[in-house]
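Report on one structure; see the data block that follows.
Just so it is clear, none of the values below were taken in a lab; they were calculated from the coordinates. Quick caveat, the model's predicted, so the values are computed rather than measured. We place every Cβ from the backbone using ideal geometry, glycine too, and count neighbours over all the protein chains shown.
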Amino acid sequence: MEQNIQAEWAKFGHLFRREQIPAKTVLLEEGEVARKVYFIEKGCLRLSFNKDGKDITFQFFFEGEGVSSAESFRYSQPSLYAIETLEPCVLHTLTKKDYSEIIDASPLIREAMEEQTHQRLLYVEKLFLSRIKNSPEERYRELLEQYPQILQRVPQHYIASFLGVTSVSLSRIRNRRSVY
């Protein structure tokens with residue numbers, strides 16, 4: 001199946017634009033309408049929003065993943081969040097017109113994108129429930145177990161924001177874990 005989908009995507013390679021983007025580049029501002037979808041060949045992106053002047057990180061994306069402000073991209077509404085590169089990135093971008101052309105032309109890709117959308121929804125549901133049910137230390141342990149690359153590649157202040165704690169609190173959590 002994986003080989004089939006790669007061959008199917010290859011048919012539309014001419015519609016993609018390959019871009020090398022420096023670290024710390026904002027690809028989409030909060031409140032701006034998303035006009036592109038990004039597929040990550042190399043690098044890390046983060047999604048964030050501003051809450052009373054405070055920058056809140058709520059999701060990270062790495063190689064092999066696609067990202068856009070889905071509701072903004074699909075419905076031409078202002079994005080609820082920003083998308084920023086954390087590392088130098090190589091991205092393959094599609095415009096809304098080209099993305100729609102691919103989805104209309106390929107049932108296989110449409111199905112794969114629907115599956116990716118469902119996977120992202122499940123991730124967000126788990127994140128939401130974790131924020132309600134778990135302590136910051138439990139959320140940190142989950143992060144260690146499920147997404148160790150985040151801890152290796154993402155600056156600590158973004159991890160703290162993602163976990164809903166201060167950098168000082170994250171430092172304490174990390175120090176307590178190293179005692180065990």
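Which of 168, 37, 90 moves most in a GNM of the chain, Cα contacts under 10 Å?
Looking only at 168, 37, 90, the biggest GNM fluctuation is shown by 168.
By how many degrees, 0 to 90 and rounded to 10, does the Cα axis of helix 136-146 deviate from the longest principal axis of the chain?
Helix 136-146 sits at roughly 40 degrees to that axis.
Taking just the alpha carbons, could you work out the radius of gyration and Dmax for the range 1-107, both in angstroms?
Looking at the range 1-107, its Cα Rg and Dmax stand at 14.3, 47 Å.
Give the residue from 149, 169, 122 lying farthest towards the positive end of the charge dipole for the range 121-180; charges sit on Cβ (+1 for Lys and Arg, -1 for Asp and Glu) and the dipole is referred to the Cα centre.
Going by the charge dipole, the pick is 169.
Which semi-axes, in whole Å and largest first, does the equivalent ellipsoid of the range 85-180 have when worked out from the alpha carbon gyration tensor as the square roots of 5 times its eigenvalues?
Working: eigenvalues 244, 55, 23 Å².
Equivalent ellipsoid semi-axes, largest first: 35, 17, 11 Å.
Take the alpha-carbon positions of the range 67-140, form their convex hull, and give its projected area averaged over all directions (one quarter of the hull surface) in nm².
Details: hull surface 27.4 nm².
Averaged projected area of the range 67-140's Cα convex hull equals 6.9 nm².
Just in the range 13-120: which trypsin sites (Lys or Arg not before Pro) are loop by DSSP and have at most 11 other Cβ atoms within 10 Å?
Answer by residue number: 24.
Which value, in debye to the nearest 20, gives the size of the charge dipole of the range 79-180 about its Cα centre, when Lys and Arg are +1 and Asp and Glu are -1 at the Cβ?
Details: 14 positive and 13 negative charges, 143 e Å.
Using Cβ point charges on Lys, Arg, Asp and Glu, the range 79-180 gives about 680 debye.
Based on DSSP, what percent of beta bridges with both residues in the range 31-174 are antiparallel, to the nearest 5? If you can, show how the numbers build up before the last one.
On the way: 20 of 20 bridges.
Of all bridge pairs located within the range 31-174, approximately 100 percent are antiparallel.
Report the charge-dipole magnitude of the chain in Debye, nearest 20, computed about the Cα centre from +1 at each Lys and Arg Cβ and -1 at each Asp and Glu Cβ.
660 debye
Determine the principal axes of the Cα atoms in the range 24-75, then give the extent along each, sorted from largest to smallest and rounded to whole angstroms.
Here the spans come out as 34, 24, 17 Å, largest first.
Angle check, please: helix 107-133 long axis (alpha carbons) against the longest principal axis of the chain (alpha carbons), in degrees 0 to 90, nearest 10.
Once rounded, the angle reads 10 degrees.
Would you work out which of 22, 99, 5 lies farthest towards the positive end of the dipole of the chain? Charges go on Cβ: Lys and Arg +1, Asp and Glu -1.
22
What's the angle, to the nearest 10 degrees (0 to 90), between helix 167-179's Cα axis and the longest principal axis of the chain?
Once rounded, one gets 70 degrees.
Which value in deg cm²/dmol, rounded to the nearest 500, describes the helix-derived mean residue ellipticity at 222 nm for the chain, given -39,500 (n - 2.57) per DSSP H run of n ≥ 4 and division by the residue count?
About -15000 deg cm²/dmol.
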